[in-house]
Protein chains: 2
Amino acid sequence: MTRLPAQNLATAAHRATLADRYAAWRALGFDAARCPVRNVLDHLGSKWSTLLLIALAEKPMRFNALLRDVPDISRRMLTQTLRDLERDGLVSRQVFPTKPPSVEYRLSAMGESVLGPLTALVGWAEQHFPDIEQARARFDGGAAGSAALEGPNDRVALAPVPVRG
Amino acid sequence: MTRLPAQNLATAAHRATLADRYAAWRALGFDAARCPVRNVLDHLGSKWSTLLLIALAEKPMRFNALLRDVPDISRRMLTQTLRDLERDGLVSRQVFPTKPPSVEYRLSAMGESVLGPLTALVGWAEQHFPDIEQARARFDGGAAGSAALEGPNDRVALAPVPVRG
DNA sequence: CCGTATCCGTCCGGATACTG
DNA sequence: CAGTATCCGGACGGATACGG
């Protein structure tokens, strides 16, 4: 009733786009090897890769600089994540034959091209972070806690679904 | 020399945006609990959540429908991922008191709002999937294989970096 | 300085069987 | 139909020590 029509149109468009791709993936047999979501996004969603891409977005950095900059990462995970990113062609590794040797990591052209979509998603995450924390708090303490706060928003079952017509 | 100036400007803007946020996170102590990337994107990047969001983008679905639709997912992971998405407020769960009971999952308003950024990222993944596969192939077999293919593209170390000024 | 190797605990995630 | 419980292998991920 009081919904925003513009927003509905926008999400409807996104729905259609995604539904089409989803159907296409299914048509291709939905092989894990051929599904971009499972092959590409799973890597990007890995614990540290996004953070590293953002760190490298600022400027090229050396190994120990990254180690200091991303506070909780361990040597092992830094090496491993950088290698994964390098393997996917998002980051390039440049060795300077100094003594002691120094290695610099920088975003490749493809790595820079992902910053756009990534920025959008990070922006969404920041914008909705309060809502998400609120939803989590409601969900976690919700069962035992206040039932009166959310009365009319809880959708109740009114029209039973026919069980597999 | 032959770079595209427009693209450089665009990525420069993204760089600046991300660098600012990164600096802001650092200023806040970089606590894991307060970093949207680590708190929100890690969940979205989880193995199945993106796929489920896309599946639910098409239309609301019931448990076993999702189980059939996302071929490789197990009951356990489907339950768990749906609960996580529900906890974050991206998916709502509606129980119909039929016999046997039926449960329908649908995107919440916030869940629909993520489709935009997600579509962008999925689009990027699809667009660059061939390049990524190529990069992987080069990286995996690259060390032993053809060195002549990529001659002038390999950046060599020319100017040694001063070791911590 | 830039990693690799090793050890080791934790959690992810699949298979199966069972309940309401 | 829609889950929960249990088991179990393997991957994730930290700490430490060592090598180039």
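The values are calculated or read from the model by the stated rules, or taken from the named source; none is laboratory data. No experiment lies behind these values; they were computed from the predicted model shown. Every residue, glycine among them, receives a Cβ derived from its backbone with ideal geometry; neighbour counts consider all protein chains shown. When the accessible area is computed, the model is the full protein with side chains, heavy atoms only, and any ligands, DNA or RNA have been set aside. Shrake-Rupley method; radii C 1.70, N 1.55, O 1.52, S 1.80 Å.
Within the range A:30-42, does at least one residue satisfy the condition of being open to solvent by 20 Å² or more (accessible area, probe 1.4 Å), closer than 28 Å to B:Thr17 by Cβ, more than 12 Å from DNA strand D (Cβ to nearest atom) and at pLDDT 85 or above? No, the range A:30-42 contains no residue that is open to solvent by 20 Å² or more (accessible area, probe 1.4 Å), closer than 28 Å to B:Thr17 by Cβ, more than 12 Å from DNA strand D (Cβ to nearest atom) and at pLDDT 85 or above. In the set (1) open to solvent by 40 Å² or more (accessible area, probe 1.4 Å); (2) at pLDDT 95 or above, A:Ala148 fails one condition alone, (2).
Looking only at the range A:50-68, decide whether some residue is outside any loop (DSSP other than H, G, I, E, B), more than 22 Å from B:Pro36 (Cα to Cα) and more than 13 Å from DNA strand C (Cβ to nearest atom). The answer is no, given that none of the residues of the range A:50-68 is outside any loop (DSSP other than H, G, I, E, B), more than 22 Å from B:Pro36 (Cα to Cα) and more than 13 Å from DNA strand C (Cβ to nearest atom). Checking A:Val103, A:Val70 one by one, the residue that is open to solvent by less than 20 Å² (accessible area, probe 1.4 Å), more than 7 Å from chain B (Cβ to nearest Cβ) and in contact (Cβ under 8 Å) with a residue 12 or more places away in the chain is A:Val70 and no other. All told, A:Met110 meets the bar of being touching a residue at least 12 places away in the same chain (Cβ under 8 Å), at the interface with another protein chain (Cβ under 10 Å from one of its Cβ atoms) and out of contact with any Pro (no Cβ under 7 Å at 6 or more places or on another chain).
Of everything in the range B:44-54 that is within 9 Å of chain A (Cβ to nearest Cβ) and within 14 Å of DNA strand D (Cβ to nearest atom), the residue that is surrounded by the fewest Cβ atoms within 10 Å (Cβ to Cβ) is B:Lys47. On inspection, A:Asp84 does not qualify as in a helix (DSSP H, G or I), within 11 Å of DNA strand D (Cβ to nearest atom) and within 7 Å of chain B (Cβ to nearest Cβ).
Candidates B:Met77, B:Met61: the one that is open to solvent by less than 60 Å² (accessible area, probe 1.4 Å), at pLDDT 80 or above and touching a strand residue (DSSP E or B) at 6+ places or on another chain (Cβ under 7 Å) is B:Met61.
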